[in-house]
Amino acid sequence: MKQIISTPNAPQAIGPYSQAVEANGFVFVSGQIPIVPATGQMPDGIEAQTEQVMRNIGAILEAAGLTYSNVVKTTVLLKSIADFATMNGIYAKYFTADCPARAAFEVAALPKGALIEVEVIAAKN
């Protein structure tokens, strides 16, 4: 059985997917790009975009009754791997202890021209 997680405090899905799905004690958060929910716009630069992505993820985790401490795995997609160190510094503010497993990749393009996209898997238990 699965439950759809949705919140107006994160960008609404721009395709046939859910913000997050809970199943078997896990919450799977779809890849988040740095859209500001109130405006539908994206900030400029990797620093601001990373912060916005992490805020979006935090809002979805909160809607599921979770926090960043529940996250067990992340995947980070970057338009340029040269932005890795900057992203990593901001990411580290959200994961300070017992950090999740992570993969990071450079990709050719991201939706809407974003510089970063992050998906997470969190455990409810």
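The values are calculated or read from the model by the stated rules, or taken from the named source; none is laboratory data. These numbers were taken from a predicted model, which means no experiment stands behind them. Cβ sites come from the backbone with ideal geometry, for glycine too, and all protein chains shown count toward neighbours.
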Screening 66, 77 for residues that are of a type outside the set (Val, Ile, Thr), in contact with a Leu (Cβ under 7 Å, 6 or more places away or on another chain), closer than 29 Å to residue 125 by Cβ and crowded, with 17+ Cβ neighbours inside 10 Å leaves only 77
Looking only at segment 14-52, filter to residues that are small (Gly, Ala, Ser) and either crowded, with 20+ Cβ neighbours inside 10 Å or under 23 Å from residue 106 (Cα atoms) (or both); which one of those is modelled with the lowest pLDDT?
15
If I ask for residues that are under 14 Å from the mean Cα position of the chain (by Cα) and either under 23 Å from residue 23 (Cα atoms) or of a type in the set (Phe, Trp, Tyr) (or both), which ones from segment 70-100 would you list?
70, 71, 72, 73, 74, 75, 76, 91, 94, 95, 100
Restricting the search to segment 86-100, which residues are in a loop (DSSP other than H, G, I, E, B) and hydrophobic (A, V, I, L, M, F, W, C)?
95, 97, 99
Looking only at residues that are among the aliphatic types (A, V, I, L, M) and touching a residue at least 12 places away in the same chain (Cβ under 8 Å) in segment 80-96, which one is surrounded by the most Cβ atoms within 10 Å (Cβ to Cβ)?
87
May I ask you to list the residues in segment 1-13 that are among the aliphatic types (A, V, I, L, M) and either more than 10 Å from residue 60 (Cα to Cα) or at pLDDT below 95 (or both)?
1, 4, 13
From the set of residues in segment 99-125 that are within 20 Å of residue 28 (Cβ to Cβ) and acidic (Asp, Glu), which is surrounded by the most Cβ atoms within 10 Å (Cβ to Cβ)?
117
For segment 101-125, which positions are closer than 22 Å to residue 14 by Cβ, free of Cβ contacts under 8 Å to residues at least 60 places away in the same chain and either of a type in the set (Lys, Arg) or in a strand (DSSP E or B) (or both)?
105
